[in-house]
Structure formats: structure tokens, C-alpha cells
Amino acid sequence: MTTAESNLQKELKKVSSKDREYIQSGLEMLGPDPDTLGHVKNLFYGNINEKLVFPYPERSAEETARCDQLLAELGEYLDDEHPAVQIDEDQEIPQTVVQRLFDMGVLGMTIPKEFGGGGLGITSYNRVLARIGRTCGSTAVLVSAHQSIGCKAVMLFGTDEQKNRFLPRMATNALSAFCLSEPNVGCDAGGQETRCELSEDGTHYILNGEKKWATSGALSALFTVMAKQKIDDPRTGKAKTKVTALICNPSMEGVEIFSRNRSKCGIRGTWQARIRLNNVKVPVENRLHDEGKGLNVALTCLNYGRCTLSAGMVGAGSYAYEQALKWATYRHQFQRPIADFAQIQEKLARMASWNYAMDAMLYMTTGFLDRGDSDIMVETAICKVFCSDHGWKIADDCVQIMGGESYMTENEIERLWRDSRINRIVEGANEVMGQFICNYGAKPLLESMLEIKNAPFQNVTAGMRLGAEVFLGIKRNTPMIKSVDPSLAPLANRVAVLIREFSHEFKRLSAEMKERFATDHLTQSRLADIVIRIHALICSLSKLDNNLSNGLSGAELEYEQSVVDHLFSLFEHDIEVTRSELRQNCDATMERAAKNALNWSHTLPNVKYVIPESTPDASARGHGKQVNQDHIQSFGEGSVFQGEPT
């Protein structure tokens, strides 16, 4: 056990057993820290590692040309042929559409060329997802689920034999699914109830459990399944329960797709299967990575999935913003365009700024992935939270600007609005992601602070510097951002001050709160909100700087400069409000009101409300509202995959 781990264990003894278990499970999921410190973790220290974010990432000319060619063909198809309205109305993506996407190379674009794929990078892939997201959220999700999390596990962790066996099919004619969620497992990915055990002869695993929300599960030839397994710890000799990743297919005996899909609010063309696994024999050759490394597989894949989710929102957000501009220009009320009114202008200006920041953050993050940066889990989480939150807000603003017409099916914004909402929930609910961003982003700094606290005479210089900041309020020097065009130096200085103030506030607050900090999720959420906005400003500044160096001028420069200037004004204001809430807030009255609201809920009869199907409360389980589903579309059971087994 390292010194940092030992210090952390001492601090965890000061919190409740339930909170300690919650924190420990999170740490076990993350595994060991990367060797290098990522961009956002530097911000917690009050530093900026310029080489990580300046200059803005760019693709090779050859890669860009290949992607542009694919986008041209895809764009023509989406504009002229793709049945987006039919998909939403029928709640199904036709097989002809799926095969068309395979034939164009969209569904195999990231699979290496030697396995029949396009071999394109992550940035190119996300450009394609953004284009699909402008037109059809359902199709964007289907493509993302296949390549970002479905067969991505095989690409990243598969053996040569597994890649040769599975990837050629995945590149040309067979979808894949990712089976992580369960009736009792949503954001708590480590809480798997599905189990696997190695057979006595060591030839296969016996898999039992149930999976939920498996996108394209009923359509797929391959499932990546996460399951708990008892494994002997080589250090202690004791058995530990860890997650192992296994490759399954629908033809295996004991695999039962008992629900192909359920009717839902948005992304209606996608199908989410429920899969029962009953003594499924999975050959050991189908294990991905090592035993007990399943969460590493899952979390690594989610880095890619969180980007493509964001790309879909970038596409949808850009279309909603452009539609709002057109409507505001040509819709007249009170003898003038509604764009003349300040309240509409306020919406349009923030939509422009948010849209720019979403785009800048997405392609900064994909640049990290293409570059092979190792410490990017916080950055992908931020990208997911920021793009899903602000993409949804842009869609909602467009609905408000268009008024009643936005609700009309043929105008498509109501579909985009419905499709966008789910992204704040899936691949890590944004509330949970906020805690993760704060806690994992600050982890190296907090460990350093604990080392200084527990061994001050071994860290005299660092201790004096930290003590001056925490106890005397002496702030460290403002970090320098030197890599930008001179015209952008004022913006660079403004974001540098925000970095210093954020780090200073974090250090003082965490020192004051001590062990309470580990369980104060509202404080963590506020700190996450601040660092998310700082990161968005840095990404936007880097993008604008890159565009300037590439010759941006005239009206285009004026547009981008004004949008980024407004983004800085918006987020500096937001950050100031959030900083004040760190010390002056309504948390105490909230806790009292919430407690009494929950007590009052016990007076309401369960039979009138939906209750989680697998709630551990036996008194409530099975006693919730039973809805008549006669007029809700049903989708049947069993796999509809027609090809040869994988």
C-alpha cells in the first residue's frame, strides 16, 4: 500500500460505514492512477499544462480528406433519403437503413482496415456522429452503441484471435451491444448482480443474471457482458469479487432476450433489450482482457461513448441553434421580427456561445483520445456533462423561440428536443458525473495535501506553501498562458485568474471541511460546475486561437470573437454565483424540506405510483402502479438477428 493509499484509509475511518463503502467502491472501479497528470487535474492544483491544450488539436490532411468524403456521401443520404420521421413514428430503424450505413462504411469506420473497417480516428468518427445527430438522434445512438461501446471492447482489449473472429463481421454486416446495466445497476457500475464462475475443467464460464437497457441487443450478433466473479487475490490469498468481461452471442444456450424493446419518449427508433442469462456456457476464449478487469474494459469504452454522445448533442444543438436563428429572423410580431426583442436576442446569443463551446470541447477531447493521452477520464466526463446539459438547453430555447410551431411533428424540433433529454441520464447521470469530476479530478491534489498533513517535516517547502494558502489566504501566482495570439491575451489572463481562484477556493474549502468534504455532494457538484466552465473557456480559447492562426478574418472573425467574448461573460458570471453558493446557500433548509417531503411520501399509497421493479424494500416491491399497456406498442421477445452466429 502506498503512502497516499494509507493516508486515505485513515481519513475514510472518520466517515460512516455506508459512505466509506461508497467511496471505496468508486476507488476500486477507477483502478490505479495514470502516470501522467491530465489537463483538468492540473487545474485543481492551480496550474495549466499548456502543451495539453495549445495548440488546438488538428487532424492530418489525409485523414480529413477521407472523412470529408464520407461526410459528403452521408450528408446527401441524410438530406434526401433517411427516413428520420418514419423511424420515430414506427419506433424502429429499418434493416435497410442499418445495412446502408454498413455499406457506406459508417458502422465500421473506426474498425482497423485489416479487419475490413475504415480505420479512421476518433475525431473523424465524432464528426460523422455530429452530422447524424443533426438529422436523427435514434440513428446516432445506434451507430454510437455499436462502435463506441459494443465492439469497441474487442478493438481495445481483444486478442488477435478475437479480433480476427469478430471484427470483420462488425465492420460489414453485424451489430454489437454492450451489457452493463441491470435492474439494480445504473450509475453504480460496480454493483453488478450478474455472476460468472469458471467451470471445473477450466474450459468455460457459467454465466447467470439479467441485463437491461442493452441498446440494439435484439438486433446484435455480439454482446459484451459484464459479470461479477470470485477471484483469489494474489497478494492476500483471499477471494475477492471483481468484474470480468465476456463475449456472448444470442445463439448461446441460456441467452434469452425476453424483451426486445419498450416504447419510450425519445430516441424511439433505438431498441433497448432485456436479456436473461441462465447457465450460459461462455468459452474461456471469449473472455476480454484478464479476469477481474471488466470494469477497466467498461470504463475505458465509456470514454469513447461519452464523446459520441456529446457529438450527437453537438449536431443536434447546432441544428436547433440555426433553426432558432431562422425563425427569429422571419417570425414577425408587433410589427417587427421577434429577433428585435432583447429576450430573444439573449437566447440567441447564449445559444451561439454554448454551441461554440460544445464544439470546441468535443474536438479537444477527441484530440486527447487520438493523441493517446492516458489521463482523460475526467475530460471525457466533463465533455458528456457539458454537451448533454447545454445541448438540451439549446433545444429547449429553440422550442421557446418557435412557440407552438415547435410542437408540430413536421417541424422536427419536437423530436430533437425529445431525443436530447436522455443524454443527461445515460452513460453516467450528470449528478453522479459531477461528483466524479470533482473527486477524481482533485484526487492527486488531495493525496498530496494528506501527505503534507501527516508528514509535515518531510514536506517542509510544500507544507509552508500550502499552509500560507490555506490558513493565511495567500494565493499562489496566477498561471501563465503564453501560447495564444497577442489579441487573445486579455481572455487568456481572465481564464488564468479563474484557475487560480478556483484552486485557492478548493484548497481552503477542503481543508476546512476535512472528512465532511468526502460526503458533501452539493459542494462537490458546485466545484465541478466551476471547473467544467473553466475547461469550456480554455477549449474555446484554444479553438479561436487556432482559427486565427489559420487565417480567420473579416466577418467570420468578428462572429467567433463576439461569441467567445460573450461565453467568457456568461461563464465568469456563472462561476461567481456558484463560488458564492459554496459558503452561502440554502442547503440547511433544503435538507429539512427534503426530509419532510420524503416522510410525507409514506402517506401516499404505493399502488398509485411507479415503484422500481427490483427495489430492495420488500414491502414496496411488486405493489406499485400497474399501467394498462394495451395501447402501448409492444415489440415481442427473442433475437431478430438473421446472420450466422459469431
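The values are calculated or read from the model by the stated rules, or taken from the named source; none is laboratory data. These numbers come from a predicted model, not from an experiment. Here the Cβ is made from the backbone with ideal geometry for all residues, glycine too, and neighbour counts use every protein chain on show. In case anyone asks, the SASA skips ligands and DNA or RNA and just uses the protein heavy atoms, side chains included. Shrake-Rupley method; radii C 1.70, N 1.55, O 1.52, S 1.80 Å.
See the values below:
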quantity: Residue list for region 477-520, filter: under 27 Å from the mean Cα position of the chain (by Cα) and of a type in the set (Ser, Thr, Tyr); calculated: 503, 510, 519
quantity: Single unsatisfied condition, residue 196 versus (1) surrounded by fewer than 18 Cβ atoms within 10 Å (Cβ to Cβ); (2) more than 27 Å from residue 265 (Cβ to Cβ); (3) touching a residue at least 40 places away in the same chain (Cβ under 8 Å); calculated: (1)
quantity: Any pair with Cβ under 9 angstrom, 6 or more apart, that starts in region 553-564 at a residue that is at pLDDT 95 or above and ends at one that is of a type in the set (D, E, K, R); calculated: 560/543; 564/543
quantity: Long-range neighbours under 9 Å by Cβ, at least six apart or interchain, first residue of a type in the set (Val, Ile, Thr) within region 205-223, second part of a helix (DSSP H, G or I); calculated: 215/141; 215/142; 215/144; 215/145; 215/146; 215/149; 215/150
quantity: Single residue of region 329-376 satisfying the filter (polar (S, T, N, Q) and open to solvent by 20 Å² or more (accessible area, probe 1.4 Å)) that is farthest from residue 133 (Cα to Cα); calculated: 335
quantity: Output for region 88-101, where each listed residue is under 25 Å from the mean Cα position of the chain (by Cα) and either surrounded by fewer than 17 Cβ atoms within 10 Å (Cβ to Cβ) or in a helix (DSSP H, G or I) (or both); calculated: 88, 98, 101
quantity: Residue within region 249-260 that is closer than 18 Å to residue 279 by Cα, among the acidic types (Asp, Glu) and in contact with a Ser or Thr (Cβ under 8 Å, 6 or more places away or on another chain) present; calculated: no
quantity: Subset of region 536-571 [open to solvent by 20 Å² or more (accessible area, probe 1.4 Å) and in contact with a Lys or Arg (Cβ under 7 Å, 6 or more places away or on another chain)]; calculated: 570
quantity: Test set (1) touching a helix residue (DSSP H, G or I) at 6+ places or on another chain (Cβ under 8 Å); (2) farther than 25 Å from residue 253 by Cβ - residue 221 fails condition number; calculated: (2)
quantity: Single residue of 339, 320, 316, 298 found to be among the small types (Gly, Ala, Ser) and modelled with pLDDT under 95; calculated: 298
quantity: Residue match in region 302-323 (condition: free of Cβ contacts under 8 Å to residues at least 12 places away in the same chain and open to solvent by 30 Å² or more (accessible area, probe 1.4 Å)); calculated: yes
quantity: Contacts under 8 angstrom Cβ, first residue in region 42-69 being touching a residue at least 60 places away in the same chain (Cβ under 8 Å), partner open to solvent by less than 50 Å² (accessible area, probe 1.4 Å) and among the acidic types (Asp, Glu), 6 or more apart; calculated: 52/373; 54/545; 55/545; 56/545
quantity: Number of the condition not met by residue 134 [criteria: (1) under 20 Å from the mean Cα position of the chain (by Cα); (2) open to solvent by less than 60 Å² (accessible area, probe 1.4 Å); (3) not aliphatic (A, V, I, L, M)]; calculated: (2)
quantity: Region 469-505, residues that are of a type in the set (D, E, K, R) and open to solvent by 50 Å² or more (accessible area, probe 1.4 Å); calculated: 475, 476, 482, 485, 494, 500
quantity: Check on residue 540, free of Cβ contacts under 8 Å to residues at least 40 places away in the same chain and within 31 Å of the chain's Cα centre (by Cα); calculated: no
quantity: Residue satisfying condition, being open to solvent by less than 10 Å² (accessible area, probe 1.4 Å), acidic (Asp, Glu) and either touching a residue at least 60 places away in the same chain (Cβ under 8 Å) or farther than 17 Å from residue 537 by Cα (or both), within set 431, 379, 410; calculated: 379
quantity: Test: residue 48 is farther than 27 Å from residue 416 by Cβ, at pLDDT 95 or above, out of contact with any Asp or Glu (no Cβ under 7 Å at 6 or more places or on another chain) and in a loop (DSSP other than H, G, I, E, B); calculated: yes
quantity: Residue list for region 462-501, filter: modelled with pLDDT under 95 and assigned to a helix (DSSP H, G or I); calculated: 462, 463, 464, 465, 466, 467, 468, 469, 470, 471
quantity: Among (1) assigned to a helix (DSSP H, G or I); (2) charged (D, E, K, R); (3) within 30 Å of residue 419 (Cα to Cα) - the single one residue 161 does not satisfy; calculated: (3)
quantity: Output for region 564-596, where each listed residue is farther than 19 Å from residue 531 by Cβ and outside any helix (DSSP H, G or I); calculated: 584, 586
quantity: Search result, residues across region 434-466 that are open to solvent by 50 Å² or more (accessible area, probe 1.4 Å) and aromatic (Phe, Trp, Tyr); calculated: 457
quantity: Test: residue in region 180-187 that is crowded, with 20+ Cβ neighbours inside 10 Å and in contact with a helix residue (DSSP H, G or I) (Cβ under 7 Å, 6 or more places away or on another chain); calculated: yes
quantity: Among residues of region 617-643, those that are of a type outside the set (Gly, Ala, Ser) and touching a residue at least 40 places away in the same chain (Cβ under 8 Å), counted; calculated: 6
quantity: Residue match in region 384-392 (condition: touching a Cys at 6+ places or on another chain (Cβ under 9 Å) and open to solvent by 10 Å² or more (accessible area, probe 1.4 Å)); calculated: no
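Residues are listed down the side, and each one gets a yes or a no for (1) within 23 Å of residue 178 (Cβ to Cβ); (2) not charged (D, E, K, R):
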site	(1), (2)
62	no, no
66	no, no
77	no, yes
84	no, yes
92	yes, no
136	yes, yes
148	yes, yes
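So that you can scan it fast, the table gives a plain yes or no per residue for (1) open to solvent by less than 30 Å² (accessible area, probe 1.4 Å); (2) closer than 30 Å to residue 88 by Cα:
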position	(1), (2)
192	yes, no
204	no, no
214	yes, yes
217	yes, yes
220	yes, yes
230	no, no
237	no, no
249	yes, yes
259	yes, yes
